[in-house]
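We did not get these values from a lab; they are worked out from the coordinates using the rules stated. Bear in mind the structure is a predicted one, so any value in this text is a computation, not a measurement. Note that we place each Cβ from the backbone using ideal geometry, even for glycine, and neighbour counts take in every protein chain shown.
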Amino acid sequence: MDQIYKQYKFKFYLNMNHYIIIDDKPGEIHPHTWEIILSVISDQDKMTPFVSIERKLDQIMEQYQDKLLNECAPFDTLTPTVENAARYFFRFIQDNIIRDGWILIMLELSESPTRSYIINALLNEDYIWSEWDKWYENLSAQLEKTST
């Protein structure tokens, strides 16, 4: 019988301000209510109660609530565009949940209702679970290259 996976989708809302540097000059600080949608999977043997993973994700994201993103690492040196923020949050969240048996397969970050950036890491699920170390290292390396 095929492996059965549990998939959950979470939505978080962060009130964060940021500015973009254009022509070596900081733009105007402006607010966003950033919507973050995450899809995570876990196999039955490593199932974590829903509320447990939700609390962990809340703790991870809380440090950015009501902050000026430009003053939070790594955005104090990395331009806080929606694309860079999505890449960073994908790696940061995955690093914090993988030890609990969860794999982040999709992250959607929206800074407005009409603009989103999506990272969808779902490949062949059998490959993810049998070779997840290599899969995650490869994905992290690809995301790191695109962040610089």
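Determine by what factor the alpha-carbon radius of gyration of segment 9-91 differs from 2.2 N^0.38 Å, reporting the quotient. Don't jump to the answer; show the numbers that get you there.
On the way: Rg = 15.1 Å, N = 83, 2.2 N^0.38 = 11.8 Å.
Dividing the Cα Rg of segment 9-91 by 2.2 N^0.38 Å gives 1.28.
Using the Karplus equation 6.51 cos²θ - 1.76 cosθ + 1.60 (θ = phi - 60°), what ³J(HN,Hα) coupling, rounded to whole Hz, does each residue of segment 6-13 give in order, writing x for Gly and Pro?
Each residue's phi maps through the Karplus curve to give 9, 10, 10, 10, 10, 10, 10, 10 Hz.
Using 0.36 nm per residue, how much length does the chain from LYS25 to SER140 gain when fully extended, once their Cα-Cα distance is taken away?
Between LYS25 and SER140, full extension yields 38.3 nm more.
Among GLN94, THR114, VAL51, flag the residue with its Cα farthest along the positive direction of the charge dipole of segment 5-147, charges on Cβ as +1 for Lys/Arg and -1 for Asp/Glu.
The Cα lying farthest towards the positive end belongs to VAL51.
List the relative contact order of segment 5-147 as a percent without decimals, with contacts defined as Cα pairs under 8 Å and 6+ residues apart.
Relative contact order of segment 5-147: 26 percent.
Let me see the pair-distance distribution of segment 5-147: every alpha carbon pair, 5 Å bin width, integer percents in order.
2, 9, 19, 22, 19, 14, 8, 4, 2, 1, 0
Any idea how many Lys pairs in segment 5-147 come in under 21 angstrom at the alpha carbon, given 8 or more places apart or on separate chains?
Lysine pair count for segment 5-147: 11.
Please state the charge dipole magnitude for segment 5-147, taken about the Cα centre, from unit charges on C-beta atoms (+1 on K and R, -1 on D and E), reported in debye and rounded to the nearest 20.
220 debye
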